Amino acid sequence: MTDISFLDKLASILIDKYSDQLSKTIVVLPNKRAKIFLIEALKKQVSNTVLSPEIISIEEFIQEIAGIRSVDPIELLFEFYEVYLLITEKSSQQSFELFANWAKTLLQDFNEIDRYLLNPSHVLSYLKDIEDIKKWGIEVENKTQLLENYIDFWKLLPNYYQSLYSHLLNKGIGYQGLIYREAVHNLNYFTDTIKEKKFVFGGFNALNASEEKIIQHLIASDQAKVYWDVDQTFLNDPFHDAGLFVRRFKQNWKHYKSNPFEWIVDDFSETKNIQIIGTPKSIGQTKIAGSIIENIIKDNPSATLDKVAVVLGEENLLVPLLYSLPSTVGALNVTMGYSSKNNPAQILIAKLFKMHTNALSRNAKSYVLYYKDVLDILTHPLVEPYANTAVLVTVINTNNYTFITHHKLMDLNPNPSDLFLLLFQKWEDGSIPVLETISKLLLKIKSNLSNDNDEEKITKAFVYSIFKTINKLINYYSKHTHIDKIETLYAIYKQVIDLAEVSFEGEPLNGLQIMGVLESRVLDFDTVIITSMNEGKLPAGKSQNSFIPYDVKRELGLPTFKEKDAIYTYHFYHLLQRAKNIYLIYNTESEGLDAGEKSRFITQLEVERQPKHNLTHEIYNAVLPETAYQPMVVPKSELVMARLKEISEKGFSPSALTSYIRNPIQFYFQKILRISEVEEVEENIALNTLGTIIHETLEALYTPFIGKFLTENDILSCFKLLDEEVLKQFKLVYKEGEIKKGRNLLAFEVAKRNVSNFLKVELETIKEGDAIKIIALEQTFERKLEHPSLPFPVLIKGNVDRIEERNGVIRIIDYKTGKVEKSSVTLKSWKGLTEDIKNDKIIQVLAYAFMYEEHANSKPIEAGIISFKNLKSGFLAFNFKEGKEEGTTIDTKILTNYLDEMVLMLIEILDETIPFEEKV
């Protein structure tokens, strides 16, 4: 197999045949990127100093002939809207955002009509006739206004086209198709002015009608030569799509009736190692690509990677691929477009639009911001490390700010950074000030990023691409001042961001090459790794964004998905043509967003297998562990034991003991490591918050009666204070949270209802003759537990909701806002008490009884629960049921049995040889 690439061959032809007029030679290539590689190929083959030929892309060449500047898709959309407003009746005019939805598709059709030199009036009238035929069955009297408008739209298409064409031509600007059509018109004049020039066209495959006409004209006037790059395997097979276009040119062009067709090569049939690798999901593909490159480096550490290309079938694999590359890669060159939709800077701007448009629509005067929108901005990776707002985030979370006025936000952050001020500057003065603020913001973000690592360089490219788009919008808005609503601006931004791409440009001659399929044109590599070899990705599939139906395209000679498939087929096979080692990676998943069948290209390689091709097929799956999850085990170190001794001295709470039963690792995190839950804004009142509010309200209402017997009048006075006290506790516990609407208003009413129902039950029992004396409310008690089996005394310490004396019996009450049944506090056997989490309520209430026993003055003790969701059951006392006997009084025997079980658990907790082991 020859190691000479197509561009090496082209360079040698230029030196051999055009050496005396190299400076008067213009080389036209399919894309700009190939220019650098061709210059390098020329440098290798000349020993003395020569003037380089002019090397340009086909699009630059066509623009030169036409003498018209190309406009970007964003500018084109604005120009078309100007034309649309001029020629559409005011009553029928659409807003820009509605217009843009169909205008982008129509512009693509205009582009194709012009590139293929079709009569626009004929094509567009044809479309209108098709729509008329579709509606023939509808009687005149049944035609609605909507239908009439729909038909009118198709009638207007020729007018839209002609008006836009003239409008752009007058300005000396144009879209690609217009430039191509004008180039053909200008062809004779152009060739007369450049008679001394010679043109060399190299590496082309598919040409549109305009390009064909221009190239054939130059060949006929003996001013141009074309060098194709087609393999005979594809050219000689009448059914192979990789040769579809070149076969047509070879057969139909008059020049080839009497002149040789150059070049037909025979490289594809040479020896190749082709590895077909299937793996689940997109990320798996990038991991495999990274490991292939790692193996290439290991096998030959001294070799460079400039003859290795990773070709991404999907652009969104770029970032995961960069993270999957081994650190030994060194230099790499990313040359591909990357959609701005996936750009982190774009995501930040989209969040900004959401926050500010919501604030304006919510209350323009006080500019009310929603906390989620604010936190989304503050925690964005381009903001969080640089805005110094960690304290502000904590304040918002801890104070439950759901809606924050702009003024309040500024008060909460008294020393704002410049970045913060740009992010939260009010959007009240129209679109251009908003865009200028975003532009300044992006410059500020860019200044925060360094050039020290590849990751930040790529982020800079992302930021710069959005910066360019925003500045273009400023330019367009200054010319189109009638579009000035922020909502419209956001809609336009979303439209234009679809058309914007991030361009990565590096040093193409050095290091690993990462590119898209189209960027690989004309180039040859020794090793090629291609990802996303799935139907719908490579080739791209049948989706076509066009108003022109498939059969009309076929009849008129416009490209359909068949031709688009053939273009991708050529690119794919050209990548393989001179490569020695080929890796084709595809997604094995058949379901999901990024799934699909294995590409037909792989099947084609297998079915039409060349004798010298060594094909292997492997499926790589992630290695799954034998056990899905390994429970965490934490041995007790000296520090852990010291912390346990500290807890024993300060006090084990009943909830700490039950958390150990629930999961020892949970106990380890909460009590040993002292890791608390992350503070977050509680937008809707959580059950535990509701419980706290009810507890605090009851404490406040009953505190005046501590140490005295309750009367009916006492309870009636509580009813009078109820609403005010619940509201006060809500504000204390829920802080700045919104309680006047939605689910929170319901929670507020539920809290009032729960307390009210409790007071009603209390009043009823007093009326029935119960003598109730409040002894303590929300009071902390503690008691040492000493036992010969324990290494040291353990303090049991906890907060008791309510202790009362009722008819001579001490009642220890634990409030529960959830539903509790009598069975939850009934015990049949002491054995295994601390091994089952369903006994958690028994363990808690008996702990309270143990702590209070010393203060009971030998009065009988009951301990239990009042459940607010089961108030009809009243006080649910701990109940030991042995055989037919049961009792609620907690005597010395019950406490002794209870403490024996608790000591067993404490021995386990305090034994340094028993690790904390996670329950799963």
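Only the coordinates and a few stated rules stand behind these numbers; no lab work does. Computed from a predicted model, the values in this text were never measured in an experiment. A quick note on method: Cβ atoms are made from the backbone with ideal geometry, for glycine too, and the neighbour counts reach across all protein chains shown.
Some observations on this one:
- Net +/- balance of residues flanking MET632 in space, Cβ distance below 15 Å, scoring K and R +1, D and E -1: +1
- Sequence-distant contacts, meaning Cα pairs under 8 Å at least 6 residues apart, place the relative contact order of region 837-920 at 22 percent.
- Shown is the FRET efficiency for THR304 and LEU169, computed with R0 = 41 Å from the Cβ-Cβ distance and rounded to the nearest 0.05: 0.25.
- When mean projected area of the Cα convex hull in nm² is computed from the coordinates, the matching label among [x] 55.1; [y] 47.4; [z] 43.1 is [x].
- Shape call, region 557-647: gyration tensor on alpha carbons, a/c limit 1.5: prolate
- Applying the Karplus relation 6.51 cos²θ - 1.76 cosθ + 1.60 with θ = phi - 60° to region 782-795 yields 3J(HN,Hα) values of 8, 7, 7, 10, 10, 7, x, 6, 8, x, 7, x, 10, 8 Hz, where x marks Gly and Pro.
- Based on C-alpha pairs under 8 angstrom that are at least 6 apart in sequence, the chain has a relative contact order of 13 percent.
- For region 380-451 versus region 326-349, the spacing of their alpha-carbon centroids is 25 Å.
- Gain on full stretching of the segment that runs from GLU638 to ASP418 - 0.36 nm per residue minus C-alpha separation: 74.4 nm
- Other-chain or far-sequence residues with amide H under 5 Å of GLY541's (modelled H): GLY536
- Couplings for region 607-624, taken from phi via the Karplus curve 6.51 cos²θ - 1.76 cosθ + 1.60 with θ = phi - 60°, read 6, 9, 4, 7, x, 8, 8, 9, 9, 10, 10, 10, 10, 9, 10, 5, 6, 9 Hz in order; Gly and Pro are left as x.
- Separation between Cα centres of region 812-833 and region 276-304, rounded to whole Å: 60 Å
- Note on region 1-82: with charges restricted to the Cβ of Lys and Arg (+1) and Asp and Glu (-1), its dipole about the Cα centre is near 480 debye.
- With the charge dipole of region 1-142 set up from +1 on Lys and Arg Cβ and -1 on Asp and Glu Cβ about the Cα centre, the Cα lying farthest toward the positive end among the listed residues ALA41, ILE113, PHE80 is that of ALA41.
- With θ taken as phi - 60° and the Karplus curve 6.51 cos²θ - 1.76 cosθ + 1.60 applied, the whole-hertz 3J(HN,Hα) list for region 554-559 is 4, 5, 8, x, 7, x Hz, x standing for glycine and proline.
- The distance separating the Cα centre of region 177-244 from that of region 843-888 comes to 96 Å.
- Flagged links, alpha-carbon separation over 30 Å, of LYS44/LYS257; LYS341/LYS485; LYS43/LYS250: LYS44/LYS257; LYS43/LYS250
- Counted charge near ARG811, where neighbours are those whose Cβ lies closer than 12 Å (Asp, Glu -1; Lys, Arg +1): -2
- Flagged links, alpha-carbon separation over 28 Å, of LYS472/LYS537; LYS35/LYS281; LYS128/LYS472; LYS35/LYS198; LYS272/LYS460; LYS650/LYS773: LYS472/LYS537; LYS35/LYS281; LYS128/LYS472; LYS272/LYS460; LYS650/LYS773
- Relative to the longest principal axis of the Cα atoms of the chain, the long axis of helix 454-479 makes an angle of roughly 70 degrees.
- The dipole here belongs to region 638-917: it is taken about the Cα centre, uses +1 on the Cβ of Lys and Arg and -1 on the Cβ of Asp and Glu, and is about 680 debye.
- Along the axis of the charge dipole computed for region 384-491 (Cβ charges of +1 for Lys and Arg, -1 for Asp and Glu, origin at the Cα centre), the listed residues THR459, HIS407, TYR386 are led at the positive end by THR459.
- In a simple Cβ point-charge model (Lys, Arg +1; Asp, Glu -1; nothing else charged), the chain has a dipole of about 920 debye relative to its Cα centre.
- Partners for LYS841 among lysines (Cα-Cα distance below 18 Å; same-chain residues under 8 apart left out): LYS797, LYS816, LYS819, LYS822, LYS828, LYS831, LYS869, LYS881
- Residues of type aspartates and glutamates that LYS838 reaches as a straight line, Cα spacing below 17 Å, ignoring anything fewer than 8 places off in the same chain: ASP814, GLU821, GLU901
- Prolate/oblate/rounded call for region 341-503, Cα gyration tensor, a/c under 1.5 rounded: oblate
- The Cβ shell under 14 Å around GLU79 holds other residues with a net charge of +2, Lys and Arg each +1, Asp and Glu each -1.
- Nearest-ten-degree value, helix 145-171 long axis tilted from longest Cα axis of the chain: 60 degrees
- Residue among LEU29, PRO549, TYR573 farthest towards the positive dipole end of the chain, charges placed on Cβ: PRO549
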